[in-house]
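To start, the structure itself, in structure tokens.
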Amino acid sequence: MWDRLLVDCNIATFEESPGNPLGLIENGAIAIADGKILRVGKRTELAGFRAGRVDALGGAWVTPGLIDCHTHLVFGGTRADEHAMRRAGASYEQIAETGGGIASTVKRTAAASDEELLDQSRRRLRSLMSGGCTTIEVKSGYGLDPDSELRLLRIASELGSGEAVRIVPTLLALHAIPAEQQDRRVHYVSEIVDKLIPAAAKQGLATSVDAFCDTIAFTPAEVERLFKAAAHHGLRVRLHAEQLSNQNGAALAAQYRALSADHLEHLDDAGAKAMAASGTVAVLLPGAFYALQEKKKPPIALLRKHKVPMAVATDCNPGTSPLLSPTLAMNLACTLFGLTPEEAVAGMTINAARALGLAHSIGSIAAGKQADLCAWRIESLAELGYWIGLPGPARRIFNGVDS
Ligand code: NIG
Ligand code: FE
């Protein structure tokens with residue numbers, strides 16, 4: 001017997017079939033048992049089976065639970081002061097070069113107790129959850145030294161305990177050079193590669209490693225050292241690439257079979273081709289583009305041409321994207337980058353699952369996958385890219401349970 005059956009709904013499964021790329025099912029039904037999807041199909045196809053509970057959804061649209069595949073949720077304080085400085089004309093790079101930016105959040109994070117960080121981060125987490133997220137990736141990256149980075153990864157994992165959400169911690173191992181190590185770059189990178197990576201792998205605190213490759217951050221050669229170490233320790237890689245300039249980071253990421261390359265405003269044809277060949281997902285972060293008032297958009301036509309899967313994420317962080325709403329991220333992806341609403345929703349479901357290496361268990365509505373679902377009170381799927389600040393789903397189901 002099924003635990004529960006959802007009926008009276010239209011379903012966007014994001015399971016492609018011939019002539020039905022989004023896997024749409026009108027008047028559908030979803031059978032759930034033990035937190036997983038047992039069957040999905042037309043209501044008529046699922047008739048005659050017994051369920052412990054039947055929920056009529058009043059004609060709602062059901063999508064997979066949203067997946068925010070790129071956030072920096074764990075940090076101390078805010079950077080509201082820098083928001084004001086940027087409005088007065090200072091650039092992100094100028095603020096970073098004068099000791100603000102990531103370095104200022106590193107200080108605030110170090111000064112906060114574990115409880116304070118958990119409390120502040122949980123409030124952000126709950127905002128993303130009420131917007132429809134059932135899986136949220138959380139990067140470290142505001143610790144910088146090995147012990148502080150491991151601390152943030154532990155806090156990221158702890159953040160999920162007792163909450164109806166799946167947390168995926170990522171080790172953001174090369175984010176910024178600590179002020180006191182500016183003249184010892186090689187030494188700093190060695191410490192990360194030789195100490196932090198093995199420790200994080202051994203303690204099972206993360207399954208993938210990320211870095212920031214740009215003029216104000218790390219060079220491709222430094223990132224490559226990190227990627228080699230990650231591979232050696234069985235960790236997948238991801239990269240903040242081509243955000244502020246073109247460093248050929250996407251091609252480097254692809255060379256190391258990265259799960260994703262993220263931002264990509266300055267991506268070129270060679271980078272897009274390399275990503276397509278390695279199956280690397282393009283994670284688009286319109287919140288950062290918006291907050292920094294960037295002019296150069298990621299080359300969406302190029303990504304489409306080479307069939308690079310596109311994900312969309314909030315990039316929730318104190319500096320460049322204080323964005324607490326997945327539905328707003330989808331709207332911004334449409335309005336600022338020109339994604340179709342369907343691409344934006346795929347970007348926070350199936351393609352986000354791919355960017356996390358979890359497409360076998362989440363990201364679409366299919367038998368055997370986790371029953372992570374959102375039921376939206378909307379007339380068409382396109383509304384998910386249309387409303388500016390849609391509050392969230394009418395029902396959010398995590399592992400088969402309403403929450
Ligand atoms: O994804 N690009 C680098 N990292 C973050 C910003 C971090 C910060 O400014 O605090 C990002 O945009
Ligand atoms: Fe980021």
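Extension gain SER190-HIS360, at 0.36 nm per residue separation less the Cα-Cα distance, in nm?
57.7 nm
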- Value of [θ]222 nm, deg cm²/dmol, for the chain, DSSP H segments ≥ 4, -39500 (n - 2.57) each, nearest 500: -9500 deg cm²/dmol
- Query: How large is the charge dipole for the chain, taken about the Cα centre, if only the Cβ atoms of Lys, Arg (+1) and Asp, Glu (-1) carry charge, to the nearest 20 debye?
  - Reply: 660 debye
- Query: Fully extended, how many nm does the chain gain between SER130 and ARG43 (0.36 nm per residue separation, minus their Cα-Cα distance)?
  - Reply: 28.5 nm
- Highest mean packing first, using Cβ neighbours within 10 angstrom, the peptides 68-75, 96-103 sort as 68-75, 96-103
- Message: If each residue of separation counts as 0.36 nm, what is the full-extension length gain between ARG123 and THR335 once their alpha-carbon separation is subtracted?
- Response: 73.6 nm
- Task: Could you tell me how many degrees, from 0 to 90 and to the nearest 10, lie between the Cα long axis of helix 114-130 and the main elongation axis, the longest principal axis, of the Cα atoms of the chain?
- Result: 40 degrees
- Task: Quick one: angle between helix 220-232 and the longest Cα principal axis of the chain, in degrees between 0 and 90, rounded to 10, please.
- Result: 60 degrees
- How far apart, in nm, are the 7 Å Cα→Cβ label points at SER91 and ASP402? 5.2 nm
- Task: Please work out the Kirkwood hydrodynamic radius for the stretch 65-130, using every pair of different C-alpha atoms, and report it in angstroms with one decimal place.
- Result: 13.4 Å
- Query: So how many Lys-Lys pairs in the chain land under 25 Å Cα to Cα, not counting same-chain pairs under 8 apart?
  - Reply: 24
- Note on the structure: A correct Kirkwood calculation over the Cα atoms of the chain returns a hydrodynamic radius in Å of 21.3 Å
- Message: Charges on Cβ only, +1 for Lys and Arg, -1 for Asp and Glu, centred on the Cα centroid of the stretch 147-228; of VAL186, ALA201, ALA217, which one is farthest towards the dipole's positive end?
- Response: ALA201
- Message: Give me a comma-separated list of calculated 3J(HN,Hα) values for the stretch 344-354, in order, Karplus coefficients 6.51, -1.76, 1.60 applied at θ = phi - 60°, integers in Hz, x for any Gly or Pro.
- Response: 5, 5, 4, x, 10, 10, 5, 6, 5, 4, 4
- Mind giving me the FRET efficiency for ASN20 and ARG50? R0 is 30 Å, r the Cβ-Cβ distance, nearest 0.05 is fine. 0.55
- Item | Label-point separation, GLU116 to GLU379 (7 Å along Cα→Cβ), nm | 5.0 nm
- Item | 17 Å cut-off, amide nitrogen to a point 7 angstrom out along LYS305 Cα→Cβ, residues in the stretch 243-271 | 251, 265-271
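Taken together, the values in this text are just the output of simple stated rules run on the coordinates, not laboratory data. A quick note: this is a predicted structure, and the numbers were derived from the prediction, not measured. Every residue, glycine as well, gets a Cβ built from its backbone with ideal geometry; the counts of neighbours run over all protein chains shown.
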